[in-house]
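Colleague: There's a structure below that I have some questions on.
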Amino acid sequence: MVDFKKLRINNILLAKKTIREAVCEDDFIINSINNIEDLAKVANVLCKRLRQWYSLYLPEMYNKIGDNEAFVRLVLKKDKNTLMKELKLSETMGSDLSKNNLKPILALASRIDSLYTLRNELKDYLKKIMGVYCKNLLTLAGTVLGAKLIESGGSLKKLALMPSSTIQMLGAEKALFRHLKSGARPPKHGIILQHPLVGGAPKNKKGKAARLLADKLSIAIRTDFFKGEFIGNKLKEELKKRLK
């Protein structure tokens, strides 16, 4: 007679073992890039608030320093008089805040700086994983874009099974569905637009640049998945020559 209770327990244990062993580099990469993007969004929102708050103290800083990360570090490292000298200001429209009123502003800047630090640490971690797991993709696409491609595709295996035309459109699904539904102009590229060789191409050449990049990415991804040799630098040079 079959012991269904024991069979059920064994099946549960087997399912748990399968789930446990299914964890791989794809999961680490996807979670890392998702957290990097979320940290960037949160830091940017908080930095906007910091700029508004710090403008009570030194409003001239708001438009002079465009980079948020640089703005935060200047606020933390330099006092008002030093910043005024660097900005060549003899006087400011800002108020002379007391230490009690300045303290929470600096505390907010410190927390934002820690978010940027964590984001950079995650980028370093991501680069190390990808340097072993998908070195060709890392070399050709870079850390962030390469990780975004894996995240959009679902895994390196799924990317390896995709045609280059699908890789070219990853991240442009909404625009593609809009084209199919309403007849609007079809998209020519997705997130690979973030690659400097595509983003920096002339407007009328971006589609062609995206197609060429997608072709090379497809080769790099398949080489990584099937454990081929390192050809990342070769693919990158070939891409540059074609785009020239």
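Each reported figure results from applying straightforward, stated rules to the coordinates on display, with no laboratory input. Note that the structure is predicted; figures quoted are calculated from it, not measured. Cβ atoms come from the backbone with ideal geometry, glycine included; neighbour counts cover every protein chain shown.
Colleague: Computed FRET efficiency, Cβ-Cβ of residue 203 and residue 27, R0 35 Å: what is it to the nearest 0.05?
Modeller: Step by step, r from the Cβ atoms, then E = 0.40.
Colleague: If you take the Cα Rg of segment 134-244 and divide it by 2.2 N^0.38 Å, with N the number of residues, what do you get?
Modeller: The reported ratio for this selection is 1.03.
Colleague: Can you tell me how much longer the chain between residue 181 and residue 44 gets when fully stretched, taken as 0.36 nm per residue apart minus their C-alpha distance, in nm with one decimal?
Modeller: Separation in residues times 0.36 nm, less the Cα-Cα distance, equals 45.9 nm.
Colleague: Can you tell me the Rg and the Dmax, both Å, for the Cα atoms in segment 25-133?
Modeller: Final numbers for Rg and Dmax: 17.1, 55 Å.
Colleague: Segment 204-240: which GluC sites (Glu not before Pro) are DSSP loop and have at most 12 other beta-carbon atoms within 10 angstrom?
Modeller: 229
Colleague: So for segment 134-244, averaging the separation of alpha carbon pairs under 8 Å that are six or more residues apart and normalising by length, what relative contact order in percent results?
Modeller: Value for segment 134-244: 37 percent.
Colleague: Taking the Cβ of residue 164 as the centre, find all other residues whose Cβ is under 11 Å away and add up their charges (Lys, Arg: +1; Asp, Glu: -1).
Modeller: +2
Colleague: On to the next question. Using θ = phi - 60° and the Karplus curve 6.51 cos²θ - 1.76 cosθ + 1.60, what whole-Hz ³J(HN,Hα) does each residue of segment 223-240 get, with Gly and Pro shown as x?
Modeller: Here the 3J(HN,Hα) series is 5, 5, 5, 8, 6, x, 6, 7, 10, x, 5, 5, 4, 5, 5, 4, 5, 4 Hz.
Colleague: Further, regarding this structure: Using a Gaussian network model of the chain whose springs link C-alpha atoms within less than 10 Å, name the residue from 79, 26, 113 with the highest mean-square fluctuation.
Modeller: Answer for the Gaussian network model of the chain: 79.
Colleague: Give me the angle, in degrees from 0 to 90, between the Cα long axis of helix 25-54 and the longest principal axis of the Cα atoms of the chain, rounded to the nearest 10.
Modeller: Roughly 20 degrees between the two axes.
Colleague: Next question. With a cap of 13 neighbouring Cβ atoms within 10 Å, and only residues DSSP puts in a loop, list the trypsin sites (Lys or Arg not before Pro) found in segment 175-237.
Modeller: Filter output for segment 175-237: 227.
Colleague: Apply the Karplus curve 6.51 cos²θ - 1.76 cosθ + 1.60, θ = phi - 60°, to the phi angles in segment 133-143 and return the couplings in whole Hz, x for Gly and Pro.
Modeller: After applying 6.51 cos²θ - 1.76 cosθ + 1.60, I find 7, 8, 5, 5, 4, 4, 5, 7, 9, x, 5 Hz.
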